[in-house]
Structures are given as C-alpha cells and as structure tokens.
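The next block holds one structure in the form of structure tokens; read it before the comments.
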Amino acid sequence: MTSNPPTTFPPHPLTAKMASVVERMARAGHPTLDQLSPDEAKASYEKGAGVLEVPKPELARIEDFSIAARDGFAIPARLYAPSSDVLPVLVYFHGGGFTVGNVRTHDTLCRVLSGKSGCAVVSVDYRLAPAHKFPTASDDAWDAFQFVATQGASLGLDGGRIAVGGDSAGGTLAAVCAIMARDAGLPVALQMLIYPGMTAHQDTDSHRRFEHGPLLTKAMIDFFFAQYVRTPADRDDWRFAPLLADDVDGVAPAWIGLAECDPVVDEGIAYADKLRAAGVAVDLEIYRGVIHEFIKMGRALPEALQAQGDAARALKDALAP
C-alpha cells in the first residue's frame, strides 16, 4: 500500500494575479530575509517595499516629528492628513516582525488610508530588534499612542476621536494598545488589525499549512522572533501574544483584515472569536487567494485595493462625529 504524497504548496489556491506575483518574486531570486543579517534584512525589505504599491497619493499635510518615549528616546513619527482641519486620527504601527520596516516602507499605505478615510494618520517608527528587544516595541507603541490621545491638539488633531491600527507585528502592537487604552480609560473608536500576529508559539494549523510560504515562511518568522524575544518566557507575555490576554472585555471594536493563504490567518480568526466572546463588535474580512503583505500590493492585486477601501471605510465610520 502506498501512502499519499504530502500536500503540495500552496494548500489553498492563489488567485491568478497573486500566483503571478509569487512567481515573479521567485524568479527574481533574492535571498529571503532570514538568510540575511538583521541590518541586511532591514535594507532588503525597505528596497522592495514599494515595488507593487499604488502611486503615492498627494495629501495636504505630511509632517515628520518625534514623540518622547518613557526613557527619553525621541520616537520618529510621520503625520498624514488630507486637510489642515482638526481631524480624528489613526495611530498606525508598521509590520516587519519587530525587526524590519519603518515609516518609509509603509508611507504609501498610510497615505491611502488617510486620503480614503478623510482622517489623519500618525505612523510610528518604534524601535526595532535586535538592538531593541521585547518589550521595547510595545512600550514605544503605547507611549506614542498616549501622546496622540492626550496631546493630539498640539498637532492639530482631535485626540478624543482616535483609532489604533497596524499590519502584521504592527497589528500585534495595535491590539496591545487597545487593551492598555481600556485599562487607562482612554476611549478608542476602532482597532484596525491587518493580518496581526497573536499567538505565543506559532503552532496553529495555518502555520503548518503555510510553513514554506508563499513569502512569509516558518524560517522567516523564527528569524524575526529570535531577534526580538529575550528569553522563551517573553512569548508567554500577552504583549507578545494578545491571545493570552486575561480578558478583552470593553476593548475597542475591531476591523480585522486577513489573508487566506497566510501562516497567521488562524490566529487572526481566533482573536476575532476571543473579542466576540467578550461582547466586542468585530468586522472580520478574509481576502481569498492572497498572502501576507498583500495589502501593500495594490498595483498588482484587486484584493489589495478592496482591503484598503474596506479598512478606510471602517475607519471613517468609526471616527465620524
């Protein structure tokens, strides 16, 4: 008796356009980020970040500034706004496994979210591993969020109408800030979580299904977290894995956008279930046939444009006066 061969990758069908993007990436033959040093990975990620983005929208206000962290570090940040009016604001944290990414790699996405929603966006350049390990990223994120919420008026923003969001590791940070804001009594209108990382040990079925990608692989996730965590115990801290939070009662309503063919899709669904079980309103969108990072591929994927529009609409509705 012969055994069936193992399931070949990918176990779910990619859309034709997504498959074409994946094929082009493979043909380019660039080393994967986990094959590089952390500094090389940062440079490589930034170099490729804008390749499939839509053209950068022009906005009335784009201003770089800094926010004082609890240890005195000046956290770089960038403000986007479609007008000079006092506007509600999204505090945004970029993805990149706590190791790569910056304000520049997510510049186009933040412009799109601001332009489409009519809201201001503050993109936060929190400190990265391996120079800055857990919990520096979540500390920086919370310090930045608190500043915008309590001192946003100094930037011409309405800190009383505030949302928090991010993609991938940035989605983790956004979920953490939503819990901390509840505990601090700071009202949050929406948490926007784009394929967020939520689990302690990356052991869901989708992590097994997509162990070899496309794009985001087990090796890459292991590389990122090896840079970020100090000891294995850090993984069991809810600021690393929000699914471990004791309770999420009373946190902000959520818009969660996931990619079907993504190692982190199951934990995104699990977090949506955790929120709903606590009575939190959740709008969960799963975009079929696409992979991690897809929302930044608007030049190639209609699903990216759809997700950008859906996220912006959720933001506009949540922050409406």
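Scanning the stretch 263-276 for residues that are under 16 Å from the mean Cα position of the chain (by Cα) and either in a helix (DSSP H, G or I) or without any contact (Cβ under 8 Å) to a residue 24 or more places away in the chain (or both) returns Val265, Asp266, Glu267, Gly268, Ile269, Tyr271, Ala272. Just one of the listed residues (Arg70, Arg61) is closer than 20 Å to Pro321 by Cβ and basic (Lys, Arg), namely Arg61. Of the helices (runs of 4 or more DSSP H) contained entirely in the stretch 113-229, those carrying at least 1 residues that are charged (D, E, K, R) and closer than 19 Å to Tyr271 by Cβ fall at 169-184, 205-209.
Within the stretch 257-284, being among the aliphatic types (A, V, I, L, M), in contact with a helix residue (DSSP H, G or I) (Cβ under 8 Å, 6 or more places away or on another chain) and within 20 Å of Phe210 (Cα to Cα) holds for Leu258, Ala259, Val264, Val265, Ala270. Looking only at residues of the stretch 255-286 that are over 23 Å from Ile221 (Cβ atoms) and among the hydrophobic types (A, V, I, L, M, F, W, C), we find that the one that is surrounded by the fewest Cβ atoms within 10 Å (Cβ to Cβ) is Ala277. Annotation note: Cβ proximity below 6 Å between a residue of the stretch 277-289 that is closer than 22 Å to Ala245 by Cβ and a residue that is surrounded by fewer than 18 Cβ atoms within 10 Å (Cβ to Cβ) and of a type in the set (Lys, Arg) (sequence gap 6+ or interchain) occurs for Val282/Arg276.
Being of a type in the set (S, T, N, Q) and under 25 Å from Ile295 (Cβ atoms) is a description that does not apply to Thr231. Among the numbered conditions (1) part of a helix (DSSP H, G or I); (2) touching a strand residue (DSSP E or B) at 6+ places or on another chain (Cβ under 6 Å), the only one that Gly257 does not meet is (1).
Scanning the stretch 187-203 for residues that are farther than 15 Å from Ala259 by Cα and either surrounded by 21 or more Cβ atoms within 10 Å (Cβ to Cβ) or touching a residue at least 12 places away in the same chain (Cβ under 8 Å) (or both) returns Pro187, Val188, Ala189, Leu190, Gln191, Thr199, Ala200, His201, Gln202.
Checking the condition touching a His at 6+ places or on another chain (Cβ under 9 Å) and surrounded by 18 or more Cβ atoms within 10 Å (Cβ to Cβ), which residue from Phe210, Phe225 passes?
Criteria check complete, one pass: Phe210.
Number of residues in the stretch 116-129 that are surrounded by 20 or more Cβ atoms within 10 Å (Cβ to Cβ) and either under 15 Å from Ser84 (Cα atoms) or in contact with a helix residue (DSSP H, G or I) (Cβ under 6 Å, 6 or more places away or on another chain) (or both): the value is 9.
The condition of being among the hydrophobic types (A, V, I, L, M, F, W, C), surrounded by fewer than 15 Cβ atoms within 10 Å (Cβ to Cβ), modelled with pLDDT of 95 or more and in contact with a Lys or Arg (Cβ under 9 Å, 6 or more places away or on another chain) holds for only one of Phe73, Phe65, that being Phe65. Give Ala178, Ala219 a once-over and let me know the one that is aliphatic (A, V, I, L, M) and surrounded by fewer than 20 Cβ atoms within 10 Å (Cβ to Cβ). Residue meeting the stated conditions: Ala219. Residues that are among the aliphatic types (A, V, I, L, M) and either at pLDDT below 90 or within 18 Å of Gly97 (Cβ to Cβ) (or both) within the stretch 1-45 comprise Met1, Met25, Leu33, Leu36, Ala41, Ala43, listed in sequence order.
The values are calculated or read from the model by the stated rules, or taken from the named source; none is laboratory data. No experiment lies behind these values; they were computed from the predicted model shown. Methodologically, a virtual Cβ is constructed for each residue, glycine included, from the backbone with ideal geometry; neighbour enumeration extends over all protein chains shown.
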